[in-house]
Amino acid sequence: QTHPDFIIVTGRGALSITDELKTTEAEAMASYLIRLGVPKDKILIEKKSRDLISCYYYVKSDFIVPLKLQEVFIVTSDYQRERAEYVAAKVLGDSVKKHVVAIHSSLDPKILWEFFTYERRYCVCIPR
């Protein structure tokens, strides 16, 4: 069994959160991974993004390009799979091979349709 060189955890918090957070989403995920036994030096933390577009932007500019990563596995929920693939294709382009792994969720896919519409509108302006 092979293991990735790094696990990148992302997110400051949702755009709807206006209060300053004590812990970002990325920091919470990193803490969880460390408790599971993942070595701290294998976890890369991106804690500036507030939405999916900025998440991919910062992952690309902060990790993919500087570390010359050639392949990424994107873990997301099943209801976000199409959205994650679409935004990854627009923001990451062909610079890296992408694999999307969807984890089953009980949430209705319609919940994030408004976000998808918002992001699709802005992704049209991003050159590949």
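The values are calculated or read from the model by the stated rules, or taken from the named source; none is laboratory data. Every value quoted in this text rests on a predicted model; they were computed, and no experiment measured them. No Cβ is skipped: glycine too gets one built from the backbone with ideal geometry, and neighbour counts run over all protein chains shown. Surface accessibility is based on the protein's heavy atoms, side chains included, excluding ligands, DNA and RNA. Shrake-Rupley method; radii C 1.70, N 1.55, O 1.52, S 1.80 Å.
Results for (1) in contact with a strand residue (DSSP E or B) (Cβ under 7 Å, 6 or more places away or on another chain); (2) among the aromatic types (Phe, Trp, Tyr); (3) open to solvent by 60 Å² or more (accessible area, probe 1.4 Å), shown as yes or no for each residue.
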{"site": "GLU27", "(1), (2), (3)": "yes, no, no"}
{"site": "LEU36", "(1), (2), (3)": "no, no, yes"}
{"site": "LYS40", "(1), (2), (3)": "no, no, yes"}
{"site": "LEU52", "(1), (2), (3)": "no, no, no"}
{"site": "PHE63", "(1), (2), (3)": "yes, yes, no"}
{"site": "SER77", "(1), (2), (3)": "yes, no, no"}
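Listed here are the residues, each with its yes/no results for (1) surrounded by 16 or more Cβ atoms within 10 Å (Cβ to Cβ); (2) modelled with pLDDT of 90 or more; (3) not hydroxyl-bearing (Ser, Thr, Tyr).
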| position | (1), (2), (3) |
| --- | --- |
| TYR56 | yes, yes, no |
| GLN70 | no, yes, yes |
| GLN80 | yes, no, yes |
| VAL87 | yes, yes, yes |
| LEU92 | yes, yes, yes |
| LYS97 | no, yes, yes |
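Could you give every pair whose Cβ atoms fall below 7 Å, whose first residue belongs to the stretch 2-28 and is at pLDDT 70 or above and hydroxyl-bearing (Ser, Thr, Tyr), and whose second residue is assigned to a loop (DSSP other than H, G, I, E, B) and open to solvent by 50 Å² or more (accessible area, probe 1.4 Å), counting only separations of at least 6 or pairs across chains?
Every condition considered, the pairs that remain are THR24/LYS47.
For the stretch 74-89, give me each residue that is touching a Ser or Thr at 6+ places or on another chain (Cβ under 9 Å) and of a type in the set (A, V, I, L, M).
Scanning the stretch 74-89 gives a single hit, ALA84.
Condition test on LEU33, is it outside any strand (DSSP E or B) and under 15 Å from ASP5 (Cβ atoms)?
yes
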